[in-house]
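The values are calculated or read from the model by the stated rules, or taken from the named source; none is laboratory data. All values derive from a computational prediction rather than experimental measurement. When we count neighbours, we look across all protein chains shown, and the Cβ atoms used for this are built from the backbone with ideal geometry, even at glycine.
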Amino acid sequence: MSSLIKKLSNLSTKSKSSNASSNKETAAPAKMSKIAIVVFSLYGHVAKISESVAEGIRATGVTPDIYQFEETLSGEVLSKMHANKAPTESLPVITPEKLKEYDGFIFGFPTRFGRAPAQVSAFFDKTGGLWASGALVGKFGATFTSTASQHGGNETTHLTTIPFFVHQGVNYVPHGYRSFPDQTNLEQIHGASPYGAGTIAAGDGSRQPIDLDFKIARAQGEHFANVVNTFVKGKSA
């Protein structure tokens, strides 16, 4: 009798092992999230910061797509402003419909009187159809900025962009103080805040981003991607 029980037990163990092996073979690979970086850069500073944000995202195994907001100023005006559009001229222009393809998006742009530039606001105004259909509900968003001075509207630019996310039902992901030693560094002038990465360009655009700006931007990109990845993997499990 004990011999029969032992045989049945062995058969049961083999069956479970076979099923487990079969499940592993048929399990679908973990779904990777889709993340976009969308920038508006008049003198190249934001474009440079976006490269570090992208590096941070790639560190999580995700390759971000990078776009630019459509320019609304004429070539003549841009020339008089001595704008440098070369860093972004090869980037595709984002459309509202494109946002639907992504699980998360990070917007980067300089400040204009404490808020987003007109080019960015014009894009936001075109997303009424997405709002009406709830197309962006449940997605994730974040921001990074560039200002002319230390107190030139950095945090208010982040803050005045949050209403867009709120109305669209997008989950705003702040950086917080995940880069605490760097964000509280008083030895160097940097543009980061708890809202996100940033840089300080000076009134004439002559000041370039420093290594500290790039380091925090990479950390923001990695943190944002980790948040989005966790949600996407959990949703598809």
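Side notes on the structure shown:
- Residue satisfying condition, being farther than 20 Å from residue 199 by Cβ and either among the aromatic types (Phe, Trp, Tyr) or touching a Leu at 6+ places or on another chain (Cβ under 6 Å) (or both), within set 109, 69, 123: 123
- Test: residue in region 143-159 that is closer than 20 Å to residue 40 by Cα and of a type in the set (D, E, K, R): yes
- When region 80-102 is filtered for residues that are more than 26 Å from residue 232 (Cα to Cα), part of a loop (DSSP other than H, G, I, E, B) and of a type in the set (A, V, I, L, M, F, W, C), the ones remaining, listed by number, are 81, 83, 91.
- Test result for residue 176, of a type in the set (Gly, Ala, Ser), modelled with pLDDT of 95 or more and loosely packed, with under 15 Cβ neighbours inside 10 Å: yes
- Qualifying residue in region 149-166 (condition: modelled with pLDDT of 95 or more, within 17 Å of residue 216 (Cα to Cα) and either in contact with a Cys (Cβ under 8 Å, 6 or more places away or on another chain) or polar (S, T, N, Q) (or both)): no
- Filtered by the rule that a residue be assigned to a helix (DSSP H, G or I) and more than 23 Å from residue 159 (Cβ to Cβ), region 178-224 gives 181, 211, 214, 215, 218, 222.
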